[in-house]
Amino acid sequence: LNEALVECLISRQNELLEFGLAVEAFGSDTVVVRETPAMLGEVDVKNLMNELADNIREFGEALALKDRIESLSGTMACHGSVRAGRALSIAEMNALLRQMETTPLAGQCNHGRPTYIELGRKDIEILFGRRG
């Protein structure tokens, strides 16, 4: 990297560490990457460092890393979610509802699909053929 890009990365060293990316300056044109976020798996570190440095220089933050981590987190959360047809105990259902009450944007998954719908009495009566 050139000196300016190294400085960009080192200036955000603490922010990057919060994401699990440990970088240190190694001379004026090199950084040493000590740790990468485990959830990224195998990663092209050189390319990631270039993207991050460019993001920091252009936008003032490490967007490339945030986007990757948010995308992976969202996908992992979606795949680990309670699926339709899964039998839950009353305690599990109550715990899930309590968590949803305190979770921002709990009304949809990260892909935009609804996590629940609201049915009023009239809607239920129509479903059971009580109203037309």
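The values are calculated or read from the model by the stated rules, or taken from the named source; none is laboratory data. Nothing here was measured: the structure is a model prediction, and the numbers come from that model. Cβ placement follows ideal geometry from the backbone for every residue including glycine, while neighbour counts extend to all protein chains displayed. SASA here: full protein model, heavy atoms, side chains in, ligands and nucleic acids out. Shrake-Rupley method; radii C 1.70, N 1.55, O 1.52, S 1.80 Å.
Brief remarks follow.
- If you plug the beta carbon distance of T103 and E35 into 1/(1 + (r/R0)^6) with R0 = 22 Å, you get a FRET efficiency near 0.15.
- Global form of the stretch 25-72, assessed from the alpha-carbon gyration tensor, a/c cut-off 1.5: oblate
- At most 16 other Cβ within 10 Å, DSSP loop - GluC sites (Glu not before Pro), the stretch 46-132: E61, E118
- Qualifying trypsin sites (Lys or Arg not before Pro) in the stretch 1-92, where qualification requires a DSSP coil assignment and no more than 10 other C-beta atoms within 10 Å, comprise R83, R86.
- Charge dipole (debye, nearest 20) of the stretch 34-132; +1 at Cβ of Lys and Arg, -1 at Cβ of Asp and Glu: 640 debye
- Computed over protein heavy atoms with a 1.4 Å probe, the carbon and sulfur contribution to the accessible area of the stretch 1-79 reaches 48%.
- Descending semi-axes in Å of the stretch 73-132, equivalent ellipsoid built from Cα gyration tensor: 26, 15, 12
- Inter-label distance for M93 and N110, nm, one decimal - labels placed 7 Å from Cα along Cα-to-Cβ: 2.9 nm
- A dipole drawn for the stretch 66-132 from +1 and -1 charges on Cβ atoms has a positive end, and of I126, L72, Q99 the residue lying farthest that way is I126.
- Pairs of alpha carbons in the chain whose separation is greater than 26 Å (percent): 48 percent
- Taking 0.36 nm per residue of separation and subtracting the current Cα-Cα distance, fully stretching the chain between D67 and F128 would add 17.5 nm.
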